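Visitor: Below is one structure. I have some questions about it.
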Amino acid sequence: MAEIVIERAVKRFGKFVAIDDVSLTVHDQEFVVLLGPSGCGKTTLLRAIAGLGMLDDGRIVIDGRDVTYLPPKQRDISMVFQNYAIFPHMTVFDNIAFGLKMRKLAKETIRERVDHAAKLLHIENMLERYPGAMSGGQRQRVAVARAIAYDAKVLLMDEPLSNLDALLRLEMRAELKTLLARLGATTVYVTHDQIEALSMGDRIAVMRAGKILQVDTPTRVYDLPANQFVGSFIGNPPMNFLYGQVRRQDGATKIKIGELLITPPEEMQPPLRAYEGRHIYLGIRAENMEALTQPSPDTLPVTVEVIEPLGSQNLLTAHIEGGMLKISTHPDFPATTGGQIWLRFPVRKIRWIDPDSGEAIVPDLEKVLA
């Protein structure tokens, strides 16, 4: 397989900048997900890797070879499109074999590759069918099988599961992840579905307005978002952001929310000292707050506005001074609409956010470890 290196890529459509100085390296056999809202540039970037849309600036290197200005057929890539892009007048066999026939491979080789790909996707008994006689999930399998049979160095996938219903999407997600891990393919996968990104990718590149805001493992993107947008885009419900005032008390920097004073961990004391007398945002996930039925000195009282039973958990919407927040509790937690509960905030689970830039406030680890 191959490594993909994107260096300072720029793509414009008139005055609109779709890709804005993007650099990204996808390592050999890695599965990287491009995640972001509609119009963020993720599909444009994927098409640039494929050669379906040339860059205005920057370059793309695949397997050590500069392919920036090469046509798709010379890049050794295969692609799965959102709308499947399979031919309705061809059988499943001919659809899977199409790219191989264009390369003028021997009939025996084509037959072997088609049979192998069909077995991997569990459609070996459908090779003589036409797409019109197949379900959406089966047609999606044909599109993936065609890409796999091509045996390219790089596999590109543009929202391949978005047209499937929720249950089938869940099934295909697990199958596809297992299949790609077995193949060891270098894969770039585009989606706006955060669950797909978190569950499938080795790394996630979160995009917004043509830029990559954060590239990291799913766990780190979820737990340690680089900025407020990533925290609010990743997660269901999204990360809560509470408005707190930074003050100095008892020789330490503390954050005041309502009547509660939170003492940040030792490594966060130096960077937060610069904000004393100002306000910052505290980002915390719904499941990371501890909900209590009785007050204690380290808890914040909130009023429950809505209770949403979700089976394995209850999702509470609570009112606090300056806004609302979401809290995940056990189904047996005795909350009532209009009632009061108390929240404890584990400081190691808080993401401290600059209110002006929206970027995470992080410690200087070299100074902390010195």
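The values are calculated or read from the model by the stated rules, or taken from the named source; none is laboratory data. These numbers come from a predicted model, not from an experiment. Note: ideal-geometry Cβ built from the backbone for every residue, glycine included; neighbour counts use all protein chains shown. Just so you know, the surface numbers come from the protein's heavy atoms only, side chains and all, with ligands and any DNA or RNA stripped out. Shrake-Rupley method; radii C 1.70, N 1.55, O 1.52, S 1.80 Å.
Visitor: Of the residues Gly338, Gly235, Gly277, which single one is at pLDDT below 95, part of a loop (DSSP other than H, G, I, E, B) and open to solvent by less than 10 Å² (accessible area, probe 1.4 Å)?
Guide: Gly235
Visitor: Tell me the residue from Gly323, Gly283 that is surrounded by 15 or more Cβ atoms within 10 Å (Cβ to Cβ), out of contact with any His (no Cβ under 8 Å at 6 or more places or on another chain) and within 26 Å of Pro37 (Cβ to Cβ), please.
Guide: Going through Gly323, Gly283 in turn, the sole match is Gly283.
Visitor: Among all residue pairs at least 6 apart or on different chains, which show Cβ distances below 9 Å where the first residue, located in region 101-116, is of a type in the set (A, V, I, L, M, F, W, C) and the second is at pLDDT below 90 and open to solvent by 70 Å² or more (accessible area, probe 1.4 Å)?
Guide: Within 9 Å, the pairs are Met102/Lys73; Ile110/Lys101.
Visitor: Inside region 280-311, can you point out the residues that are assigned to a strand (DSSP E or B) and charged (D, E, K, R)?
Guide: If the condition is that a residue be assigned to a strand (DSSP E or B) and charged (D, E, K, R), then Glu290, Glu305, Glu308 are the ones that fit.
Visitor: Under 7 Å between Cβ atoms, which residue pairs at least 6 apart in sequence (or on different chains) link something in region 190-206 that is under 17 Å from Leu24 (Cα atoms) with a partner that is of a type in the set (Lys, Arg) and surrounded by fewer than 23 Cβ atoms within 10 Å (Cβ to Cβ)?
Guide: none
Visitor: Looking only at region 132-147, which residues are touching a residue at least 40 places away in the same chain (Cβ under 8 Å), part of a helix (DSSP H, G or I) and open to solvent by 10 Å² or more (accessible area, probe 1.4 Å)?
Guide: Gly132, Arg139, Arg146
Visitor: Now, a different point. Tally up the residues in region 158-180 that are open to solvent by 60 Å² or more (accessible area, probe 1.4 Å) and closer than 20 Å to Val215 by Cα, please.
Guide: 1
Visitor: Scan region 104-118 for residues that are under 11 Å from Ala149 (Cβ atoms) and either assigned to a loop (DSSP other than H, G, I, E, B) or open to solvent by 30 Å² or more (accessible area, probe 1.4 Å) (or both) and jot them down.
Guide: Hits for region 104-118 are Leu105, Thr109, Arg111, Glu112, Arg113, Asp115, His116.
Visitor: Now for a different question. Name the residue that is farthest from Asp76 (Cα to Cα), counting only residues in region 184-202 that are polar (S, T, N, Q) and surrounded by 18 or more Cβ atoms within 10 Å (Cβ to Cβ).
Guide: Here the residue is Gln194.
Residues checked against (1) under 30 Å from Val154 (Cβ atoms); (2) within 26 Å of the chain's Cα centre (by Cα); (3) modelled with pLDDT of 95 or more:
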| residue | (1), (2), (3) |
| --- | --- |
| Thr178 | yes, yes, no |
| Arg203 | yes, yes, yes |
| Ala252 | no, no, no |
| Ile257 | no, no, no |
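Conditions tested, residue by residue: (1) more than 22 Å from Glu159 (Cα to Cα); (2) under 9 Å from the mean Cα position of the chain (by Cα); (3) assigned to a loop (DSSP other than H, G, I, E, B).
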| residue | (1), (2), (3) |
| --- | --- |
| Val206 | no, yes, no |
| Leu213 | no, no, no |
| Phe241 | yes, no, no |
| Arg247 | yes, no, no |
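Visitor: Here is a further query. As an exercise: evaluate Val17 against (1) of a type in the set (A, V, I, L, M, F, W, C); (2) over 23 Å from Asp216 (Cα atoms); (3) not in a strand (DSSP E or B) and give the number of the one condition it does not meet.
Guide: For Val17, the failing item is (3).
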